[in-house]
1. To the nearest Å, what is the center-to-center distance of the range A:437-484 and the range A:598-651, using C-alpha atoms only?
2. If you average 1/r across every pair of different Cα atoms in chain A and take the reciprocal, what Kirkwood value do you get, in Å?
3. List the trypsin sites (Lys or Arg not before Pro) within the range A:90-194 that DSSP assigns to loop and that have no more than 14 neighbouring Cβ atoms inside 10 Å.
4. Report the Rg/Rh value for the range A:502-611, based on alpha-carbon coordinates and the Kirkwood definition of Rh.
5. My understanding is that a pair violates if its Cα-Cα distance is over 29 Å; which of A:Lys558/A:Lys760; A:Lys557/A:Lys591; A:Lys43/A:Lys259; A:Lys361/A:Lys814; A:Lys134/A:Lys760; A:Lys26/A:Lys375 do that in this structure?
6. Roughly speaking, what % of Cα-Cα pairs in the range A:3-258 are separated by over 35 Å, rounded to a whole number?
7. Compute the signed sum of charges (Lys and Arg +1, Asp and Glu -1) over the other residues within less than 14 Å, Cβ to Cβ, of A:Ser566.
8. 5 Å is the cut-off here: which amide hydrogens, built 1.01 Å from N in the peptide plane, fall below it relative to A:Tyr52, excluding neighbours closer than 5 in sequence?
Amino acid sequence: MKKLVLIDGNSISNRAFYALPLLSNKQGLFTNAVYGFTQILLKILEEMKPDYFLVAFDAGKVTFRHSDFKEYKGKRMKTPSELSGQFPMIRELLDAFHLQHFELEGYEADDIIGTLSKRAEEIGIETVIYTGDKDMLQLASDSVMIYLTRKGITEVEPFGPKEIMDKYGLEPKQIIDLKGLMGDPSDNIPGVPGIGEKTALKLLHEYQTVEGVYTHLDQITAKKLKENLTTYQDQAILSKQLATIYRQVPIEIQWEDLKVDDKGYHRDEVYQLFVKWEFHSLIERLGMQKSKEEETEQKDVLLIDRLTEKNKTKWEKILGEEGPHAIYVETIGEQPHGRQILGLAVTNGKEILFINDQQLKQWTDFQEWLQDSSKTKWVFDGKRVEMVFFWNQIEIKGIASDLLLGAYLLNPQDGSPSLAEIAKQYHYSGLQDDELVYGKGAKYAIPKETVYVDHISRKAHAIFALIPTIDEKLKETNLDRLFYEIELPLSRVLAKMEKIGVRIDSQRLKEMGEELNQTLITLMEEIYELAGTEFNINSPKQLGEILFDKLQLPIIKKTKTGYSTSADVLEKLEPHHPIIGLILKYRQIGKLQSTYIEGLLKMVDKETQRIHTSFNQAITATGRLSSTEPNLQNIPIRLEEGRKIRQAFIPSYEDWLILSSDYSQIELRVLAHIAEDENLIEAFNQDMDIHTKTAMDVFGVKEDEVTSLMRRQAKAVNFGIVYGISDYGLSQNLNISRKEAAEFIERYFSVFSGVKTYMKKIVEQAKRDGYVSTLMNRRRYLPDIHSSNFNIRSFAERTAMNTPIQGTAADIIKIAMINIDQEMRRLYLKSRLLLQVHDELIFEVHPDEKEMMMSLVKNTMENAIQLKVPLKVDLHFGKTWYDAK
DNA sequence: CTCTTCACG
DNA sequence: ACGTACGTGAAGAGA
């Protein structure tokens, strides 16, 4: 006997959706229902081995049942968007499996299934129905079995007439009567009030059907029950009708169409989908590997040439060809500014050429090709390539695409991914992790030549293969302009800044270091004296023991490993013991000494006598830059002692000046623009002091009545707003109660109602789309926004509020940097951009160009983008970075 | 290698 | 009730 399997698509998808946590792939696409559905599907195919197969879906919002009863399914919750978005994916899945799915306007899945199972019955085909809906039990017969989902997703319970009789004492047909009496709240079928499953079963065991119950109404003794049955007779009849599955749906479908392909599913199509949805465990379960085409493709390309006199001409010809070439340069070591070249590979996608360091330096034609901007190059981390070549007196031009930057824009959450990670994510196989090839940290070593030649060549090929994919995805997500017009040109500006570096007055740093050392020794002695013992002040563990065990000071806060000794805790302890002040001072000076004096001195380049930081353009989730080895974006400024470090940052030449230009309140201005808050816009249009203005509005006072405390608190509220406000965070910051903090926020929102609306809107948007964006379309995915964990979800909500603000500010200064660089080149200025510190640019300026730079920098920064409020830039010149204030 | 602390915007 | 402000990088301690 042939076997037909029918699946209630909506019911099973719903089941899977609610049984599994809200999984999503890296693109923020929700996949849990699809995943669960796939699991059930695989199980069915494996265990049932059906000859015919179909998944039925509900179609349209109105079915014939609505003409009988317009409230039908009225109270049912709207399908959440996280689920509805997965229905097309499930259809895609079925298509890939070459399995039929069907829906018909005006009918529900039940009716389609009812109709097909009836037809199957008539021609002697055995049917199995999968659903979570008990109503379907009415279809059971000698040749129709219903499999009801139970707990979990793949666990089912089979029901035939016998099982239904055992469980309910009813014939399958009577299920309809059962529903008629008890109703079904989920479908908004009313039934008879006061009758639940127990009573309904009792009545049906006695009188068989709804009609039977009414014929024998006089025999019912329970007064209330009889009364209800009488009052709601019409409703009971109607409910029975609604619960009846219609088995005459006009379906024009041939059995032939429902046949399960004996050749099985199309492995490649299924594999592609699983990869896209990141169903790694399923890929493994099905023992799927890449398709044959993919494998052969990758074998074909591994034609690696080593440069020889013989093939030089051939390669000169290949390099002269139209079209892009991918190049990859490997340096020895792990520093971002590695200088020693291990080797280089270049490819046109078909053949690969490996060149060693010596060959690179001797092959002048190749160097000319590198310099030729009309010869387009594809790279991974172009800034690094440019830097490596720079240290080796080689120039590169014509970088047309950068895999690192593209992958970063597609998924900034991942932070600077390695080439191997990107390859893996976008399904290019055959590239090993650098760590496996070279080792990491202390284990770093150069492997045999054949090994690294192969590895470097594969990297070049991976770049060539992946850039078209990335490029397409950038276009799909509207990130292409951000990529080509901002990130790619910016990487060249950053390279220039890194090459120049900053001149350091090492002598000055050393002097300061000696002074600090003296202070540290004195402090240390005094601390030991007061503690009555010597210990390592730098160890939070030992310090905690001294303060809280030995000296019995009150414990303010604990960390997971012990007592907290952080500055905010120590500040609260200061009145309790004189040792606290000394420890705070010791910490402060110690930080300056280790991180800033010693740390910076170590980073002064022996060759150039300057510090060349490395800007990471592909690490932050918001679009900001970061700076490493050393970090020049966190040089002290808040406390005078630390600020003096900046005296060691000097211009390259005598008489030159340092220029610091910073955006005033850029984040709040961005907020005013995107929130379209009238009050905030007005305040900036009138160029008011924004914290004072906030204090006036929040405390309801006149300008001259704003005290310094009020302004300080208002400032903290403004910060809180930008970070994604929470009463708890604000209370911590201001050292006030949560209730007071909540009141501040409430008052703020009542005056800046546009901001309030924005905050609400952006969180909703994040929930709907799975991501938030900046003005320049920069995206950040926030899968945690759906977390059932309060903390994780709240974090994502604050991130949703903060990212468009911080990210747009980052977009703006990036545009300003590109434009300033362009202007300075146009005017052949000698002055140079040195550093970027998020809302501030640092230049060194030739004395003759002081006036010119003043207007150029100010104008370009202020006009980088047009907002609903003006952008404002403050400029400061000085002989050192310290003096530019 | 993780944790804590602290420097910046 | 839940207990974090947003985004980074570096140093030192202690496993």
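Bear in mind that the values in this text are calculations on the coordinates, not laboratory data. Computed from a prediction, not measured in an experiment: that's the story for all the values here. Neighbour counts run over all protein chains shown; Cβ positions are idealised from the backbone, glycine included.
1. Result: 28 Å between the Cα centres.
2. Numbers: mean 1/r = 0.0300 Å⁻¹.
Hydrodynamic radius (Kirkwood, Cα pairs) of chain A is 33.3 Å.
3. A:Arg150, A:Lys151
4. Ratio of gyration radius to Kirkwood radius: 1.09.
5. A:Lys558/A:Lys760; A:Lys361/A:Lys814; A:Lys134/A:Lys760; A:Lys26/A:Lys375
6. For the range A:3-258, the fraction of Cα-Cα distances above 35 Å is 18 percent.
7. Working: positive: A:Lys541, A:Lys557, A:Lys558, A:Lys560, A:Lys572, A:Arg587, A:Lys591; negative: A:Asp568, A:Glu571, A:Glu574.
In short, +4.
8. A:Lys3, A:Leu4, A:Val5, A:Val260
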